Every structure is written in structure tokens, then in C-alpha cells.
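A short write-up of the structure that comes next.
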Amino acid sequence: MAGAAVTLLVPVLRGAAPTPLALPPLPYAPDALEPHLSARTLDFHYNRHHQGYLDNLNRLVAGTPLAAQSLEAIIAAVAGKPEQQGLFNNAAQVWNHSFFWNCMKPNGGGKPVGRLLARIEKDFKSYDAFRAAFEEAALTQFGSGWAWLVQDGETLRIVKTANADTPLTRGQIPLLTCDVWEHAYYLDYQNRRKAFVQVFLDHLVNWDFVAGRVHGGS
Ligand SMILES: [Fe+2]
């Protein structure tokens, strides 16, 4: 089930190698998303939180057969196993964050164009309806988690996941995500998650990256 989706991870996490795993570099300078996301936020989020998940992951797999596996293989191996929840949480958070960085770019956001816009209009009726539904998912994810645009078969859907959970383990192809853990926005927006999500949609989304991940269709 997850095999097809895992195959699609390779372009996102290019360079990810067997243990010790290393973080892919940010795809832009830490201050490149200002004024919407500060360099301070990117510094804490990437160098402390993301790196922290990776350090935990490398520690947890050290000396086990998983130490020789790719990140994607580790996630597939431990998903759904309560006794390995901690390992799953850290592995999935490493992947989710690497994906999240690629979902943003300077001067991004707004309405996509071309075939991606047509796919969104087919499945959500309009871009505005998509935007409202994505914002709703991000705002109604109680506590920590993620809002996603995914491809489920031939259909684009919006889903939300709690904590470290990821659509990868559901056989869905992640196309876009917004991190709604408070650490993603608190330094810049404090408790105003809605303001952060609106800025994400209107100024940060890398639609070229999203479009490159959509498969099939017209
Ligand atoms: Fe995060």
C-alpha cells in the first residue's frame, strides 16, 4: 500500500543515505521567507526541532537492523506498531519537515496555474473552495499536527493528521503540507494560527513543487 508513495519520496529526500541519516539542506536561505516567516523561526524550526527529530531517530535505530535502512523504509517498517511509536514519531517528523520545507518558497502562494489549477477546480469546484477547505483543516486540527493536500488514487483530497502522523502510511501521495505545530509559527504569530495559515497559502506555497508531484489525470 505504502510502496507506491514511498517511491515518490526519492526526489524530496535526495541524498538521504543509510545511518547516520542527515537532514537535506533547506532549499532556500533561512531569511528567504521573510517577512512572512522570520529567519529566527526557520533557525529554531530547522536547526532545533527538525534536527532534534533526526538525532532521536539516529539514536533509536543505532545498532538495530533499521540502521541500514532508508528513512522511507524505516517509516514503512514501524508504522502502526504501538511498541515502536517513538521511533515512528521521530522518523515521520523528519520526513514531514523535509517535505514541508519544499512546500514553500519566496514569493510563493496565491492561485496556482495550468494543469494543477484544473485538477484543483475539478476536485474542489474552485480554488477558493480549496483554499477555504485547506484553511479549515489547518485550523481544526486540535493540538499539534499537519494539514495536507494529497492525491488519493486519481482524486485530490485535503486531510489532516495529528502529531507526527503522515499520509504516507495511508497509501496517499502527499502534495502539499502546512505544519500547524505551534513551533512552526509561535515566534512570529504567537497563538494566531489562522494568520500563519493564511500567510502560508497567500505568500509561501511552492505550487511548482506541488504540480511536479501530481500524477496522471488530464
Ligand atoms: Fe514543525
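Using a simple spin-label model with points 7 Å from Cα along the Cα→Cβ vector, what separation in nm is obtained for Tyr28 and Arg157?
3.0
Within 10 Å of each candidate Cβ there may be at most 16 other Cβ atoms; applying that plus a DSSP loop requirement, which chymotrypsin sites (Phe, Trp or Tyr not before Pro) in segment 106-202 survive? Provide the component values of the computation, followed by the final result.
Working: sites: Phe124, Tyr127, Phe130, Phe134, Phe142, Trp146, Trp148, Trp181, Tyr185, Tyr186, Tyr189, Phe196, Phe200; in loops: Phe142, Trp181, Tyr185.
Counting only loop positions with at most 16 other Cβ atoms within 10 Å, the chymotrypsin sites (Phe, Trp or Tyr not before Pro) in segment 106-202 are Phe142.
Please work out the Cα center distance from segment 28-43 to segment 121-195, rounded to the nearest Å.
21
Stretch Asn107-Glu136 to full length: gain in nm at 0.36 nm per residue minus the Cα-Cα span? Numbers along the way, then the final one.
Values: separation 29, 0.36 × 29 = 10.44 nm, distance 2.31 nm.
Here the segment from Asn107 to Glu136 would lengthen by 8.1 nm.
Rounded to the nearest 0.05, what FRET efficiency do Ala68 and Lys194 have when you use their Cβ-Cβ distance and R0 = 35 Å?
Values: r = 44 Å, r/R0 = 1.25.
Efficiency computed from Cβ-Cβ geometry: 0.20.
State the percent of C-alpha pairs, over all pairs in the chain, separated by a distance greater than 25 angstrom. Numbers along the way, then the final one.
Working: 8493 of 23653 pairs.
Everything past 25 Å amounts to 36 percent.
Give me the percent relative contact order of segment 114-213, please, defined on Cα pairs under 8 angstrom at least 6 residues apart.
Numbers: 129 pairs, mean separation 23.6, N = 100.
Contact order relative to length: 24 percent.
For Arg48 and Ala77, calculate 0.36 nm times their separation in residues minus their Cα-Cα distance, and state this gained length in nm to one decimal. Walk me through the numbers before you get to the answer.
Values: separation 29, 0.36 × 29 = 10.44 nm, distance 2.59 nm.
Between Arg48 and Ala77, full extension yields 7.8 nm more.
Per-residue ellipticity at 222 nm for the chain, helices alone: DSSP H runs ≥ 4 residues times -39500 (n - 2.57), over residue total, nearest 500 deg cm²/dmol?
Working: 10 runs with 89 residues, N = 218.
When only DSSP H runs of four or more count, the value is -11500 deg cm²/dmol.
No value in this document is a laboratory result; all are computed from the given coordinates. Every value quoted in this text rests on a predicted model; they were computed, and no experiment measured them. Glycine gets a Cβ as well: all are built from the backbone with ideal geometry, and neighbour counts include every protein chain shown.
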